[in-house]
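The values are calculated or read from the model by the stated rules, or taken from the named source; none is laboratory data. This is a predicted model, so every value here is computed, not measured. Counting neighbours? That spans all protein chains shown, and the Cβs are built from the backbone with ideal geometry, glycine included. Note: accessible area is taken over every heavy atom of the protein model, side chains too, but ligands, DNA and RNA are not part of it. Shrake-Rupley method; radii C 1.70, N 1.55, O 1.52, S 1.80 Å.
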Amino acid sequence: MGKNRQDVPQNLKWRLDDIFASVEEWNKTYDEVAAMLDFKKYEGKLSDPDTLFECLEEINKVSYKLSHLAVYASMWHDEDTRNSEAMALDSRVELIWMQFAGAVAFVNPELTALPTEYLESLITDERFADYDYTIRQTIKNKPHVLSKEIETLLSQEGTIFGGFQKIFGMIDNADFPYPTIKVDGEKVQVTHGMYGVLLHHPDRKVRREAFRAYYKAYIGLINTITATYSGNVEKDVFMARTRKYGSALEMSMSREDVDVKVYKNLLRSVKKGLPLLHRYYRDKKKLMGLKSMHMYDVYVSPVEDAELKLDYEDAFKVVKEGLLPLGERYQALLQEAHDNGWIDVEETEGKRSGAYSSSVHGLKHPYVLLNYQKTTGDVFTIAHELGHAMHSYFSESTQPQEKSGYTLFVAEVASTVNEVLLLKYLMKTTTDEKLKKYLLSYYMDMLKGTLFRQTQFAEFEYIAHDMCEKGQPLTKDALCKVYHDLNKKYYGRSVVSDDEIAYEWARIPHFYRAFYVYKYATGIITAVSIAERIYNEGQTAVDDYFKFLSAGGSDSPVELLKLAGVDLTKMDAFDSCMASFKAALEEFESLN
């Protein structure tokens with residue numbers, strides 16, 4: 001597979017000792033938290049503003065320490081998913097989170113039972129300024145909070161229901177039977193990271209063998225994965241019904257204070273734009289000289305020998321240059337991330353696949369996990385994850401703890417703004433027509449992957465939950481048929497939807513966080529609008545964007561995006577993103 005972790009240079013690894021200097025210090029903090037879980041003195045007394053304020057402050061103190069424990073344990077485990085000591089810390093955090101949730105389970109139902117007039121009076125009380133948005137949400141969510149006894153019971157669901165995600169994680173990382181194929185006469189193990197590299201390989205035989213071997217491994221696990229995923233969907237439906245929501249989708253959207261119509265508008269908008277995607281694949285198939293284009297062909301650029309195959313250090317420099325429009329402070333923070341242990345760069349044995357950014361209020365800095373390979377996609381992943389990290393940095397350094405955590409709905413905006421700005425920089429600075437064609441293709445592939453593909457995933461989730469809500473069994477055959485039909489719909493007649501692609505749903509980890517992936521699509525729609533503003537309006541747009549980055553979770557997501565000049569309650573941004581795809585397609589066609 002990859003390197004052993006000890007063989008990776010220290011400057012390419014994140015520094016977890018910035019959170020806790022040792023496991024002993026982690027254990028000491030754990031014991032402190034365990035001694036802080038008695039909230040009974042506040043129970044039944046939240047109608048008194050003084051008692052309520054003291055209770056909320058104590059909850060914040062525990063949450064602060066607990067979140068640090070959780071981030072450390074989780075990231076240490078992600079360094080090597082086989083590390084049993086790290087796994088034990090992770091399990092202990094889950095247990096104490098459950099105890100904490102049980103100890104404060106009375107707060108929500110007790111607050112909700114109080115008169116609306118009392119809750120509204122708290123919003124005008126200066127002491128509760130950090131909690132005003134939370135209180136407004138409490139008023140809104142009154143119909144969905146249950147009795148104290150049931151809330152106490154449901155507070156235990158985190159560990160139990162979270163098991164589906166954990167089981168899939170173990171299947172997909174620790175126990176996955178990574179296949180081996182031959183590439184140029186050498187055996188290559190098809191890891192999750194290497195699979196993406198092999199799908200870009202110029203040799204079609206290599207791509208086909210990697211595709212078939214990778215999916216054969218998932219097909220061998222399909223019964224277990226089906227049981228895990230169907231259980232996760234059933235959990236979502238159960239919780240929605242228990243909390244008196246009309247659907248699991250409604251529950252998920254309500255938790256983020258976003259109207260369900262945003263999700264449905266996205267599905268309608270993308271459906272309308274699918275002919276543009278089909279047209280792109282017709283062009284791509286022709287340029288590649290293929291009689292038939294298969295799923296293992298769609299990731300290859302139709303422009304040969306123009307991909308950015310950069311070492312990590314060179315890639316980081318390019319990212320910095322691409323993000324120059326965001327100003328000197330942003331540049332300084334990017335360099336600090338590079339120099340001071342924010343980023344874990346290389347793929348190593350047992351390391352969690354993919355990439356992410358992680359941060360909580362009070363950390364010295366955010367963290368970024370990469371599994372860097374020399375591909376254009378991974379160059380953009382650096383920009384993407386640093387966008388997340390900077391969003392967290394600005395929110396947590398500007399907002400109080402209670403308001404620093406932004407919702408998932410806006411979480412993909414900053415990351416995608418970085419990608420769009422980087423692409424615009426590369427397009428603007430290249431004088432090589434071949435590279436320009438490649439970048440246009442890459443931009444359309446980015447929109448395909450982030451707008452169209454994530455919406456395909458979102459539609460699959462929508463259908464799977466709808467089936468469950470109607471009492472239809474989520475068998476492997478049923479789920480594979482739904483996915484295969486969607487694949488044909490999204491890719492059109494120019495692409496062969498191979499039999500193996502019916503199993504793609506079985507390898508998507510985000511499906512265990514229901515109705516998450518659509519936010520990638522709304523994120524790129526928003527990001528395209530923001531990036532265009534920054535290029536066209538300059539500092540005014542940058543200032544507005546930083547207001548958004550610094551706003552955390554201080555208001556509803558839709559209102560926060562308005563700070564950056566984007567209103568998703570209207571169709572303008574949706575239409576603008578499709579127009580951007582069309583313009584790139586037309587320019588691409590004009591160069592061929």
field: Selection status of LYS317, assigned to a helix (DSSP H, G or I), free of Cβ contacts under 8 Å to residues at least 40 places away in the same chain and surrounded by fewer than 20 Cβ atoms within 10 Å (Cβ to Cβ)
entry: yes
statement: ASP78: passes all of (1) open to solvent by less than 20 Å² (accessible area, probe 1.4 Å); (2) charged (D, E, K, R); (3) modelled with pLDDT under 95 but (3)
- line: If you go through THR540, THR526, the only one that is over 30 Å from ARG212 (Cβ atoms), surrounded by fewer than 20 Cβ atoms within 10 Å (Cβ to Cβ) and of a type in the set (Val, Ile, Thr) is THR540
- prompt: Counting only residues that are touching a residue at least 12 places away in the same chain (Cβ under 8 Å) and over 26 Å from ILE123 (Cβ atoms), which one in region 545-571 is surrounded by the most Cβ atoms within 10 Å (Cβ to Cβ)?
  reply: VAL566
message: On the basis of being modelled with pLDDT of 95 or more and over 30 Å from LEU12 (Cβ atoms), does GLU385 make the cut?
response: no
message: Just to verify a result, which residue in region 91-120, among those that are of a type outside the set (A, V, I, L, M), open to solvent by less than 50 Å² (accessible area, probe 1.4 Å) and in a helix (DSSP H, G or I), is modelled with the lowest pLDDT?
response: PRO109
- line: Of the residues in region 376-405, those that are within 25 Å of GLU304 (Cα to Cα), open to solvent by 20 Å² or more (accessible area, probe 1.4 Å) and of a type in the set (Ser, Thr, Tyr) come to THR381
task: Filter region 210-229 down to residues that are aliphatic (A, V, I, L, M) and within 13 Å of THR475 (Cβ to Cβ) and give me whichever is surrounded by the fewest Cβ atoms within 10 Å (Cβ to Cβ).
output: ALA227
- prompt: Would you pick out the residues in region 110-144 that are β-branched (Val, Ile, Thr) and over 21 Å from ASN60 (Cα atoms)?
  reply: THR116
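To keep it simple, each residue is scored yes or no on (1) out of contact with any His (no Cβ under 8 Å at 6 or more places or on another chain); (2) crowded, with 22+ Cβ neighbours inside 10 Å; (3) under 30 Å from SER590 (Cα atoms).
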{"position": "TYR443", "(1), (2), (3)": "yes, yes, yes"}
{"position": "PRO473", "(1), (2), (3)": "yes, no, no"}
{"position": "ASP477", "(1), (2), (3)": "yes, no, no"}
{"position": "HIS510", "(1), (2), (3)": "yes, no, no"}
{"position": "LYS519", "(1), (2), (3)": "yes, yes, no"}
- prompt: Going through region 338-357 one residue at a time, which ones are more than 20 Å from the chain's Cα centre (by Cα) and either of a type in the set (S, T, N, Q) or closer than 11 Å to LEU386 by Cα (or both)?
  reply: HIS338, ASN340, THR348
query: Does GLU412 meet the test of being of a type outside the set (Gly, Ala, Ser) and open to solvent by less than 10 Å² (accessible area, probe 1.4 Å)?
result: yes
message: For region 8-35: of the residues being part of a helix (DSSP H, G or I) and in contact with a His (Cβ under 9 Å, 6 or more places away or on another chain), which is surrounded by the most Cβ atoms within 10 Å (Cβ to Cβ)?
response: TRP26
message: Among the residues of region 69-81, are any touching a residue at least 24 places away in the same chain (Cβ under 8 Å) and not in a helix (DSSP H, G or I)?
response: yes
- prompt: Within the group LYS187, LYS205, which residue is open to solvent by 30 Å² or more (accessible area, probe 1.4 Å), under 19 Å from ILE501 (Cα atoms) and free of Cβ contacts under 8 Å to residues at least 12 places away in the same chain?
  reply: LYS205
message: All but one of (1) among the hydrophobic types (A, V, I, L, M, F, W, C); (2) loosely packed, with under 14 Cβ neighbours inside 10 Å; (3) farther than 30 Å from LYS3 by Cα hold for ALA88; state the number of the condition that does not hold.
response: (3)
- line: Going through (1) over 30 Å from TYR438 (Cβ atoms); (2) in a loop (DSSP other than H, G, I, E, B) one by one, GLU250 fails only at (2)
message: Conditions first: (1) farther than 26 Å from ALA86 by Cβ; (2) of a type in the set (Gly, Ala, Ser); (3) touching a residue at least 40 places away in the same chain (Cβ under 8 Å). ALA213 passes all but one, so which condition is the exception?
response: (3)
- line: Looking across region 499-508 at residues that are of a type outside the set (A, V, I, L, M, F, W, C) and open to solvent by 10 Å² or more (accessible area, probe 1.4 Å), the single one that is nearest to the chain's Cα centre (by Cα) is ARG507
query: Does ASN232 fit the bill of being part of a helix (DSSP H, G or I) and open to solvent by 60 Å² or more (accessible area, probe 1.4 Å)?
result: no
message: Being open to solvent by 30 Å² or more (accessible area, probe 1.4 Å), part of a helix (DSSP H, G or I) and not β-branched (Val, Ile, Thr) is the filter here; which residues of region 415-441 pass it?
response: LYS424, TYR425, MET427, LYS428, GLU433, LYS434, LEU435, LYS436, LYS437
message: Return the residues of region 38-75 that are under 30 Å from LEU369 (Cα atoms), open to solvent by 50 Å² or more (accessible area, probe 1.4 Å) and touching a Ser or Thr at 6+ places or on another chain (Cβ under 9 Å); say none if nothing qualifies.
response: LYS65
Filter result (open to solvent by less than 10 Å² (accessible area, probe 1.4 Å), of a type in the set (A, V, I, L, M) and more than 24 Å from the chain's Cα centre (by Cα)) within region 275-294: MET293
